[in-house]
1. The conditions are (1) within 19 Å of the chain's Cα centre (by Cα); (2) within 25 Å of residue 357 (Cβ to Cβ), and residue 16 fails exactly one of them. Which is it?
2. Please verify whether residue 232 is part of a helix (DSSP H, G or I), surrounded by 22 or more Cβ atoms within 10 Å (Cβ to Cβ) and under 24 Å from the mean Cα position of the chain (by Cα), treating the condition exactly as stated.
3. Checking residue 88 against (1) without any contact (Cβ under 8 Å) to a residue 40 or more places away in the chain; (2) touching a helix residue (DSSP H, G or I) at 6+ places or on another chain (Cβ under 6 Å); (3) under 20 Å from residue 353 (Cβ atoms), which test does it fail?
4. Residue by residue through the range 289-312, note down the ones that are of a type outside the set (Lys, Arg), part of a loop (DSSP other than H, G, I, E, B) and either in contact with a helix residue (DSSP H, G or I) (Cβ under 6 Å, 6 or more places away or on another chain) or surrounded by fewer than 19 Cβ atoms within 10 Å (Cβ to Cβ) (or both).
5. With part of a helix (DSSP H, G or I) and either of a type in the set (Gly, Ala, Ser) or assigned by TED's automatic domain parsing to the domain that holds residue 168 (or both) as the only criterion, which of 68, 47, 73 stands out?
6. Determine, yes or no, whether residue 149 is surrounded by 21 or more Cβ atoms within 10 Å (Cβ to Cβ), farther than 21 Å from residue 64 by Cα, out of contact with any strand residue (DSSP E or B) (no Cβ under 6 Å at 6 or more places or on another chain) and in the same structural domain as residue 37 (by TED's automatic domain parsing).
7. Just checking, which of 169, 210 is of a type in the set (Gly, Ala, Ser), surrounded by fewer than 21 Cβ atoms within 10 Å (Cβ to Cβ), within 27 Å of residue 84 (Cα to Cα) and touching a residue at least 12 places away in the same chain (Cβ under 8 Å)?
8. If you scan the range 1-53, which residues turn out to be of a type in the set (D, E, K, R) and either under 27 Å from residue 111 (Cβ atoms) or surrounded by 23 or more Cβ atoms within 10 Å (Cβ to Cβ) (or both)?
Amino acid sequence: MSKKDRMSGNQAIALAIRQIDPDVIAAFPITPSTEIPQYVSAFKADGLISTEFITVESEHSAMSACIGASAAGVRAMTATSSAGMALMYEMLYVASSDRLPIVMAAVNRALTGPININADHSDSMGANNSGWIQIYSEDAQEAYDNMLMAHRIAEHEKVMLPVMICQDGFITSHGIENIEVEEDSLVKNFVGEYHPKKHLLNPKEIIGVGPYSISAYYYEMKMGQFHAMENARKVILDVSADFEKTFGRKYGFFEEYRMEDAEFAVLVMSSSAGTGKDAVDALREKGVKAGLVKLRVYRPFPAAELAEAFKGVKALAIMDKCDGLSGNGGPLGAEVRAALYGKTDGIKTINYVFGLGGRDIHVKDFFGIYDDLEALVKGESRPDCKHIGVREKR
């Protein structure tokens with residue numbers, strides 16, 4: 001039976017880790033994810049977990065240690081942010097190509113430079129093609145729930161890919177919220193034990209992990225990753241359905257908010273969705289048919305499902321908390337437009353870049369976005385990509 005509690009996103013993630021009690025955690029502190037290994041180390045010192053906690057000299061080493069542990073056949077986890085994730089980039093590709101189901105708590109923070117410790121999605125978006133499943137959290141509740149589902153997804157025999165559970169730094173990671181937490185025994189039963197069929201310490205089978213792969217084999221290995229990511233689609237939905245049956249909270253690839261008859265919609269990720277929902281409610285009271293979709297699963301990308309969700313919409317705003325510096329907006333904008341192409345060509349779109357370096361977005365900003373969408377439908381000109389929340393020169 002669940003109980004109500006108050007905690008931050010980092011505390012919620014740490015609680016999930018304690019309840020899961022993984023075999024190995026290797027982590028190096030970096031703001032704003034530092035609290036997670038701190039809490040876990042306290043759990044270890046107090047005898048609340050049996051986890052082997054490996055202190056390392058860098059985030060590159062943290063991921064390397066997780067790779068070694070996972071290859072040996074045990075459940076491995078880590079946590080990081082920003083430049084820490086960037087330092088892991090080389091090893092992120094190794095983890096996914098070796099099909100190692102490592103789970104990472106990724107607390108999103110802007111990449112240097114200039115140095116900034118606040119939330120945007122440039123760190124995880126920089127790793128969006130690394131072969132990791134990426135799941136984003138709106139609040140502490142979702143961060144906790146996503147972490148409870150992560151190992152079930154990663155370790156499925158048809159997937160065997162690493163998973164990062166993302167939340168916005170400080171906004172979610174340090175903000176105290178009311179959440180529902182589950183009993184330790186129920187979590188243990190839901191997550192289950194990890195017994196991989198193939199690992200380096202299995203004396204019955206000799207395998208290689210991470211060998212040099214010449215052109216005669218490399219392409220097929222990459223296709224294996226591709227098929228695993230495709231398999232993850234069904235697994236994510238199946239695990240989410242089992243989670244709802246067990247704990248009562250429902251998740252899918254995304255959440256649709258007041259989309260039944262929406263003519264103007266916003267697609268957004270993570271903590272900014274709550275602000276957008278407030279704007280939708282206010283606009284609905286004024287008779288504007290506004291709606292919102294909060295994207296939860298970014299990898300694998302639910303292209304067909306999003307196209308279906310937006311098929312009745314006249315205009316769509318795609319919100320990126322990361323700038324691709326391509327002149328065409330951010331990575332989410334590019335993928336959503338590709339998903340809509342040829343399926344829902346009548347939808348007019350604007351890609352908004354916002355929130356870089358932790359810049360706040362307000363309800364009034366969303367009002368301006370919906371105003372742009374209405375103007376676009378009326379035939380007025382609007383840019384394909386727009387940066388919002390930038391201070392004007394005075």
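The values are calculated or read from the model by the stated rules, or taken from the named source; none is laboratory data. Remember, predicted model here, so these are calculated numbers, not experimental data. When we count neighbours, we look across all protein chains shown, and the Cβ atoms used for this are built from the backbone with ideal geometry, even at glycine.
1. Against the list (1) within 19 Å of the chain's Cα centre (by Cα); (2) within 25 Å of residue 357 (Cβ to Cβ), residue 16 comes up short only on (2).
2. Values: part of a helix (DSSP H, G or I): yes; surrounded by 22 or more Cβ atoms within 10 Å (Cβ to Cβ): yes; under 24 Å from the mean Cα position of the chain (by Cα): yes.
So residue 232 fits the description; yes.
3. (3)
4. First pass over the range 289-312, keeping only residues of a type outside the set (Lys, Arg): 290-293, 295, 297-298, 300-310, 312.
Going one step further and asking which of them are part of a loop (DSSP other than H, G, I, E, B), we end up with 300-302, 310, 312.
Listed by number, the residues that qualify are 300, 301, 312.
5. Details: 47 fails: part of a helix (DSSP H, G or I); 73 fails: part of a helix (DSSP H, G or I).
The conditions single out 68.
6. On the way: surrounded by 21 or more Cβ atoms within 10 Å (Cβ to Cβ): yes; farther than 21 Å from residue 64 by Cα: yes; out of contact with any strand residue (DSSP E or B) (no Cβ under 6 Å at 6 or more places or on another chain): yes; in the same structural domain as residue 37 (by TED's automatic domain parsing): yes.
Against the criterion (surrounded by 21 or more Cβ atoms within 10 Å (Cβ to Cβ), farther than 21 Å from residue 64 by Cα, out of contact with any strand residue (DSSP E or B) (no Cβ under 6 Å at 6 or more places or on another chain) and in the same structural domain as residue 37 (by TED's automatic domain parsing)), residue 149 qualifies.
7. Details: 169 fails: surrounded by fewer than 21 Cβ atoms within 10 Å (Cβ to Cβ).
Within the list 169, 210, the selection yields 210.
8. Initially, the range 1-53 is screened for residues of a type in the set (D, E, K, R), giving 3-6, 18, 21, 23, 35, 44, 46, 52.
Correct list: 35 only.
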